[in-house]
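Beneath this line is the structure, given in structure tokens, with notes to follow.
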Amino acid sequence: MCNTSFQGGCVNCHAFTGGQPHNFSLQVRPPSSKPFAGGMISVRGGQATRIAGARHDPPALPTYTAWHPRAPVAVVSLTRSEQFMHGAGQEVREVYDRYSDLALVNAETGQMSVPPMIADPGRIETFPTWSADGTHLYFCSAPSRAFDPDVPAFVGSETVRYDLVRVPYDITTGNCGAVEPVLTAEQTGRSISEPRVSPDGQFLLCCMTNHGAFPVLQADCDLYLLDLRPGRAFAFRPLDGANSSQSDSWHSWCSNSRWIVFSSKRDNGLLARPYFCYIDEEGRNYKPFVLPQRNPSFYERFLKTYNVPELTQGAVRVPRRALVDAIVAAPHAAATQRHQEASAPN
């Protein structure tokens, strides 16, 4: 699907339920002319529908998404990210989170709620991911920043570092428990982002950078493997031999937990290519290789970037027209009001 089908909006932050091509979601940002509302499109059983947003202050569109492995529930980040430009350098773009909370979405009812333990006003919560059995929700968290109206908002962003934390989740009640630290920026000396748990529940793969939570734009970004097996005390290490001197990020696990795909800028520092890497049962990784192309010179001429690669168990069969109709359709007023009332505090 090309964004010219809906007047040049942006489609990104897609997420699949256990790699199933018929159950997934995508987030849409409208173009500057705003001919339609942005938001979340959910595909369940091949049917595309719009999810009405929760009432949230300050306003924010859903961004990063993770679907529960056993229940029709997703967690999304309600993120306000902003961009600024450096005056020089190979990569002049920089992105930081002005604020971000997490919210739970019920795919069957379309209701979105914002539990306080994953939406702390004193913290920035982002990059959710579920444990393989769905009993814990992992995410990244950093202290909220105080913004001075007389100082550019990006000043100080280079000092922000994110921790990896988790909350227990009760699949019967849908309630979250208290926040538990897993791996902190104080322990690593770096900022942690984009955690993804392997389908067998043995490992967690994440990014670490010197600061912030937008690693694709940071050349110092490397992939790290966290051991979730009992008795391993969350031991972590970099993917030696797989990381490069440029950004390595946006990773996804294969359903057998032995392969990953990730976006790497190692070839030229500007354009990301999809690289595959094998990880054995003990967490040892092997030399990565770029997605093969029929023409060996393909990447020398291809001036586009691969972003957020996802491994699925089949091809997406939802008709393009069905996705476009869901994107441009206005949310039903009654449904929107009902969802907002459900998400409002008691």
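Tell me, which residue of the range 5-55 that is more than 17 Å from F127 (Cα to Cα) and among the aromatic types (F, W, Y) is surrounded by the most Cβ atoms within 10 Å (Cβ to Cβ)? Filtering first and then ranking leaves F6.
Working only within the range 100-132, note down all residues that are under 12 Å from T63 (Cα atoms) and either surrounded by fewer than 16 Cβ atoms within 10 Å (Cβ to Cβ) or hydroxyl-bearing (S, T, Y) (or both).
Kept after step one, since they are under 12 Å from T63 (Cα atoms), are these residues of the range 100-132: 100-103, 125-128.
Within the range 100-132, S100, T126 qualify.
For the range 296-313, a residue qualifies if it is closer than 21 Å to S245 by Cβ and either among the acidic types (D, E) or touching a residue at least 40 places away in the same chain (Cβ under 8 Å) (or both), and the qualifying residues are E300, T305, Y306, N307, P309.
Could you check, for the range 136-150, whether at least one of its residues is assigned to a helix (DSSP H, G or I) and either of a type in the set (D, E) or more than 19 Å from the chain's Cα centre (by Cα) (or both)?
We begin by selecting, within the range 136-150, every residue assigned to a helix (DSSP H, G or I); these are none.
Checked against the condition, which is being assigned to a helix (DSSP H, G or I) and either of a type in the set (D, E) or more than 19 Å from the chain's Cα centre (by Cα) (or both), the range 136-150 yields no hits at all.
Listed by first and then second residue, the pairs with beta-carbon distance under 7 Å, at least 6 apart or on different chains, first residue in the range 217-241 and of a type in the set (D, E), second outside any strand (DSSP E or B) and surrounded by 17 or more Cβ atoms within 10 Å (Cβ to Cβ), are D222/N243; D227/G283. What number of residues within the range 258-295 are polar (S, T, N, Q) and either under 11 Å from A242 (Cα atoms) or buried (at least 18 other Cβ atoms within 10 Å of the Cβ) (or both)? Of the residues in that region, 3 qualify.
Looking at the range 10-32, can you tell me whether even one residue there is farther than 29 Å from W259 by Cα, among the hydrophobic types (A, V, I, L, M, F, W, C) and touching a residue at least 60 places away in the same chain (Cβ under 8 Å)?
Looking only at the range 10-32, we keep the residues that are farther than 29 Å from W259 by Cα, and these are 29-32.
Keeping just the survivors that are among the hydrophobic types (A, V, I, L, M, F, W, C) gives none.
The answer is no, given that none of the residues of the range 10-32 is farther than 29 Å from W259 by Cα, among the hydrophobic types (A, V, I, L, M, F, W, C) and touching a residue at least 60 places away in the same chain (Cβ under 8 Å).
Somewhere in the range 260-280, is a residue among the charged types (D, E, K, R), out of contact with any Ser or Thr (no Cβ under 7 Å at 6 or more places or on another chain) and farther than 26 Å from D163 by Cα? Within the range 260-280 (the criterion being among the charged types (D, E, K, R), out of contact with any Ser or Thr (no Cβ under 7 Å at 6 or more places or on another chain) and farther than 26 Å from D163 by Cα), the answer is yes, since at least one residue qualifies. Take the conditions (1) among the acidic types (D, E); (2) surrounded by 17 or more Cβ atoms within 10 Å (Cβ to Cβ); (3) without any contact (Cβ under 8 Å) to a residue 24 or more places away in the chain; D150 misses just one of them, which is (2).
How about the range 66-103: which of its residues are touching a Ser or Thr at 6+ places or on another chain (Cβ under 6 Å) and within 21 Å of S144 (Cα to Cα)? Before you say what the answer is, go through the steps one by one.
Going residue by residue through the range 66-103, those that are touching a Ser or Thr at 6+ places or on another chain (Cβ under 6 Å) are 66-67, 74, 76-77, 79, 95-97, 100, 102.
Within the range 66-103, V76, S77, T79, V95, Y96, D97, S100, L102 meet the criteria.
Only residues that are of a type in the set (G, A, S), surrounded by fewer than 17 Cβ atoms within 10 Å (Cβ to Cβ) and not in a loop (DSSP other than H, G, I, E, B) were counted in the range 172-210, giving 0. Among the residues of the range 290-320, those identified as over 21 Å from E194 (Cβ atoms) and outside any loop (DSSP other than H, G, I, E, B) are F298, Y299, E300, R301, R320.
The residues on offer are G110, G8, G87, and the sole one that is more than 30 Å from D200 (Cβ to Cβ), of a type outside the set (F, W, Y), touching a strand residue (DSSP E or B) at 6+ places or on another chain (Cβ under 8 Å) and assigned to a loop (DSSP other than H, G, I, E, B) is G110.
Just so you know, all these numbers are worked out from the coordinates, no wet-lab data involved. If you're wondering where the values come from, they're calculated on a predicted model, not measured in any experiment. Cβ: placed from backbone, ideal geometry, glycine included. Neighbour counts: every protein chain shown.
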